[in-house]
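Input: a single structure, listed below in structure tokens.
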Ligand SMILES: [Zn+2]
């Protein structure tokens, strides 16, 4: 299932050797990067592309392409993919002891430049996704006249997609309506949290995809989504329950054209809650609570009201937060009509 939106060498590549060794020692899952631009160049399965960088080192396929085809497939996108995924894996391990997206240290497979040279677009040119069926992550680099580009360079977008995979192996929130919006929301939460962890000085940490906008995109908005002000992202989102568009009510039937009943729209409401909670409790306490609820408390069919209940209970029972801090969380949900 595509969870969309959200979301050239250096033969003598200097690869992040020390970080890399570090990650390897921790057994949190290898990272294999495919250059998916060249799906037609070499035989490969299911448009994955050519595997070119494994644990930061060129693969034999990359070496063969260089020798025989004079094609350097280890492009800047490939290198930044490795760097960003390693950061996200290390964040989850160092903060929560999580070994990779499935907590079993499975290999992270990432395709970059997806669909770039195909004469047709399989929906990935202007997109980023956790591709369940392939057990891989896919990143397009943008379309010529689009509003978004270069997703792989945005740490929060990489962390967003990685978190979809974490959700798949934990709460497994159904990707429709409010449960799907919670899936999107939590992906945005840990997108922002991971960026804050590595780049605490970034100007507005509640923006998602601000660096992925093209000039055309920048004319319309300052980011793909804005958790603090959900109205002002590239795509409008409601900031409270009174603004839920009627077509996304509980009667909605999901289809290919209504974003599975507005999963990328409705996520604006819990996103707004998160922005309020973080501004009052800080990133550290907030992220620990959200991680626990995401991985341990929610169920596939959880709705916004269930989320509020689990957050409230977990706050009081398990997270070393005080009663007054927990009332801040309750109030943040009340402010959005929950
Ligand atoms: Zn998403």
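The values are calculated or read from the model by the stated rules, or taken from the named source; none is laboratory data. Owing to the predicted nature of the structure, the values given are computational and were not obtained by experimental measurement. We place every Cβ from the backbone using ideal geometry, glycine too, and count neighbours over all the protein chains shown.
Among the residues of region 258-282, write down those that are surrounded by fewer than 24 Cβ atoms within 10 Å (Cβ to Cβ) and touching a strand residue (DSSP E or B) at 6+ places or on another chain (Cβ under 9 Å).
Answer for region 258-282, where residues must be surrounded by fewer than 24 Cβ atoms within 10 Å (Cβ to Cβ) and touching a strand residue (DSSP E or B) at 6+ places or on another chain (Cβ under 9 Å): 264, 275.
Any residue that is out of contact with any strand residue (DSSP E or B) (no Cβ under 7 Å at 6 or more places or on another chain), at pLDDT below 95, farther than 26 Å from residue 241 by Cα and away from the ligand (no atom under 16 Å from the Cβ) - is there at least one of those in region 204-215?
Scanning region 204-215, I find at least one residue that is out of contact with any strand residue (DSSP E or B) (no Cβ under 7 Å at 6 or more places or on another chain), at pLDDT below 95, farther than 26 Å from residue 241 by Cα and away from the ligand (no atom under 16 Å from the Cβ), so the answer is yes.
For the list (1) in contact with a helix residue (DSSP H, G or I) (Cβ under 8 Å, 6 or more places away or on another chain); (2) closer than 18 Å to residue 53 by Cα, I need the number of the one condition that residue 91 fails.
Just one mismatch for residue 91, condition (2).
With respect to residue 167, determine if the residue is at pLDDT 95 or above, under 14 Å from the mean Cα position of the chain (by Cα) and within 12 Å of the ligand (Cβ to nearest atom).
yes
So for region 211-223 (the condition being under 19 Å from residue 84 (Cβ atoms) and not in a helix (DSSP H, G or I)), does at least one residue qualify?
yes
Scanning for something in a loop (DSSP other than H, G, I, E, B) and surrounded by fewer than 22 Cβ atoms within 10 Å (Cβ to Cβ), does region 184-198 turn up at least one residue?
So far as region 184-198 goes, no, none of its residues is in a loop (DSSP other than H, G, I, E, B) and surrounded by fewer than 22 Cβ atoms within 10 Å (Cβ to Cβ).
Each row is one residue, and each column tells you yes or no for (1) assigned by TED's automatic domain parsing to the domain that holds residue 191; (2) within 20 Å of residue 263 (Cα to Cα); (3) touching a helix residue (DSSP H, G or I) at 6+ places or on another chain (Cβ under 7 Å).
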| position | (1), (2), (3) |
| --- | --- |
| 296 | yes, no, no |
| 300 | yes, yes, yes |
| 303 | yes, yes, yes |
| 306 | yes, yes, no |
| 314 | yes, no, yes |
| 320 | yes, no, no |
| 326 | yes, no, yes |
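For residue 247, work out the one condition from (1) assigned to a loop (DSSP other than H, G, I, E, B); (2) under 19 Å from residue 175 (Cβ atoms); (3) over 21 Å from the mean Cα position of the chain (by Cα) it doesn't fulfil.
Looking at each condition in turn, residue 247 falls short on (1).
Testing residue 198 on (1) within 14 Å of the ligand (Cβ to nearest atom); (2) modelled with pLDDT of 95 or more; (3) on the phi < 0 side of the Ramachandran plot, one condition comes back false. Which one is that?
The failed condition is (1).
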